[in-house]
1. Evaluate the stretch 35-45: report whether one residue or more is buried (at least 19 other Cβ atoms within 10 Å of the Cβ), out of contact with any Pro (no Cβ under 6 Å at 6 or more places or on another chain) and not in a helix (DSSP H, G or I).
2. Between residues in the stretch 129-149 that are farther than 21 Å from residue 48 by Cβ and residues that are part of a helix (DSSP H, G or I) and open to solvent by 70 Å² or more (accessible area, probe 1.4 Å), which pairs lie under 9 Å by C-beta distance while being six or more apart or on different chains?
Amino acid sequence: MFANHMFGLLYHPREEWDQIKRERPGSITQVFVRNLLFLALIPPVSLLIGTTQMGWSIAGGDVVKLTMSSAIPMAVAFYFALLVGVAFVSYCTFWMERTFGVSASFERCLIFTIYTSTPMFLSGFIGLVPILWLDVLVVLAAASYSIYLLYSGIPIFMDIPEERGFIFASSIVTVGLCALVGCMAITVILWGMGIAPSFIG
């Protein structure tokens, strides 16, 4: 069902959002286990394989590889950061949903966040070929489509007028950007403490 909805969101997002809205999302545990836990594995596992086996190249030139001993902790941390990030954005969506006077449900907000972020999770497969410029292009394209799903889905999924939906969606994008900046800041702090990647060369 999840895969069917994702293909539907690709070809006819507005009609698909309406179908998703009518479904019962299930419990938080079901949503996490059924969708998010496996989906969030794609970027860290792909990057783990790509950076340790294929090697990293900034411009398609010199290739360097991460040691497995430094790549595994980074992949694990990345995985949990993705889970926490989705949960955080979902909670903020839930909080804003109540502020906008919509019938609030954290489970619904969680499933909405998962669907809108799925293109970005799937773009993680490009980490198997860790060429920086290519990875950036693919991730930017996926992020653009996720933002499109967000703006097109909010009015339908939350059943609010499009003008309010635009403000709602813009608020969620702001929260997502803040979460991204926070992750980057934590990464810089950890690297400053000596927890940095080790390269084979």
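The values are calculated or read from the model by the stated rules, or taken from the named source; none is laboratory data. Fair warning: this is a prediction, and the values are worked out from it, not measured in the lab. Note that each Cβ is placed from the backbone with ideal geometry, even for glycine, and that neighbours are counted across all protein chains shown. Heads up: the accessible areas ignore ligands, DNA and RNA and are worked out on the full protein's heavy atoms, side chains in. Shrake-Rupley method; radii C 1.70, N 1.55, O 1.52, S 1.80 Å.
1. Yes.
2. Note: pairs meeting the criteria are 143/120; 145/10; 145/120; 146/120.
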